[in-house]
Amino acid sequence: MVAYRYDTSLLHIEEKDNDQDKEFIFKVKDVDTVLPALRKIRAFFDSDKVYTDVIFYSHPGYEYQVIVRQDHYIDFLLALFKYKIITYLEWKQ
């Protein structure tokens, strides 16, 4: 199991299981800080050879839904950490 933390003044993250995948809802509060990072993450996953690893959906009000295949879950969390959307990442037993 993995635990992570993020700055709640920048955004709110909801995570849940979605069949075999993980679903994230990002509710962005600080557009200037978070949106450029989310765009870089989306560009990274859009440019790889696996088209269904991470799928982004934009919704009104700076809300983003992201579906992540289970086998790419850690890769996605590492990308969030790399671009400082999450600030803490830990393996838990």
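When you scan the range 23-35, do you find a residue that is among the aromatic types (Phe, Trp, Tyr) and closer than 11 Å to residue 86 by Cα, even just one?
Scanning the range 23-35 turns up no residue that is among the aromatic types (Phe, Trp, Tyr) and closer than 11 Å to residue 86 by Cα.
Open to solvent by less than 10 Å² (accessible area, probe 1.4 Å) and in a helix (DSSP H, G or I): which single residue out of 41, 86 fits that description?
41
Please go through the range 53-81 and give me each residue that is open to solvent by 30 Å² or more (accessible area, probe 1.4 Å), touching a residue at least 40 places away in the same chain (Cβ under 8 Å) and not aromatic (Phe, Trp, Tyr), ordered by number.
Once the filter is applied, which keeps residues that are open to solvent by 30 Å² or more (accessible area, probe 1.4 Å), touching a residue at least 40 places away in the same chain (Cβ under 8 Å) and not aromatic (Phe, Trp, Tyr), the range 53-81 yields 65, 69, 70, 74.
Can you name the condition, by its number, that residue 59 falls short on among (1) over 17 Å from residue 6 (Cα atoms); (2) touching a Lys or Arg at 6+ places or on another chain (Cβ under 8 Å)?
(2)
Look through the range 15-29, keep the residues that are touching a residue at least 12 places away in the same chain (Cβ under 8 Å) and within 12 Å of the chain's Cα centre (by Cα), and return whichever of them is surrounded by the most Cβ atoms within 10 Å (Cβ to Cβ).
The qualifying residue surrounded by the most Cβ atoms within 10 Å (Cβ to Cβ) is 26.
Checking residue 2 against (1) open to solvent by 70 Å² or more (accessible area, probe 1.4 Å); (2) modelled with pLDDT under 95: exactly one of these is not met. Which one?
Exception for residue 2: condition (1).
Could you count how many residues in the range 7-38 are touching a Lys or Arg at 6+ places or on another chain (Cβ under 9 Å) and either under 18 Å from residue 54 (Cβ atoms) or in a strand (DSSP E or B) (or both)?
Matching residues across the range 7-38 total 13.
Which condition does residue 9 not pass, out of (1) without any contact (Cβ under 8 Å) to a residue 60 or more places away in the chain; (2) surrounded by 13 or more Cβ atoms within 10 Å (Cβ to Cβ), if it passes all the others?
With respect to (1) without any contact (Cβ under 8 Å) to a residue 60 or more places away in the chain; (2) surrounded by 13 or more Cβ atoms within 10 Å (Cβ to Cβ), residue 9 is out only on (2).
One residue is enough: does the range 30-41 have a residue meeting the conditions in contact with a strand residue (DSSP E or B) (Cβ under 9 Å, 6 or more places away or on another chain), more than 17 Å from residue 58 (Cβ to Cβ) and free of Cβ contacts under 8 Å to residues at least 12 places away in the same chain?
no
The values are calculated or read from the model by the stated rules, or taken from the named source; none is laboratory data. Please read all numbers here as calculations on a predicted model, not as lab measurements. Positions of Cβ are generated from backbone atoms using ideal geometry, with glycine treated the same way; all protein chains shown enter the neighbour counts. Protein only, heavy atoms only, side chains kept; ligands, DNA and RNA dropped before computing areas. Shrake-Rupley method; radii C 1.70, N 1.55, O 1.52, S 1.80 Å.
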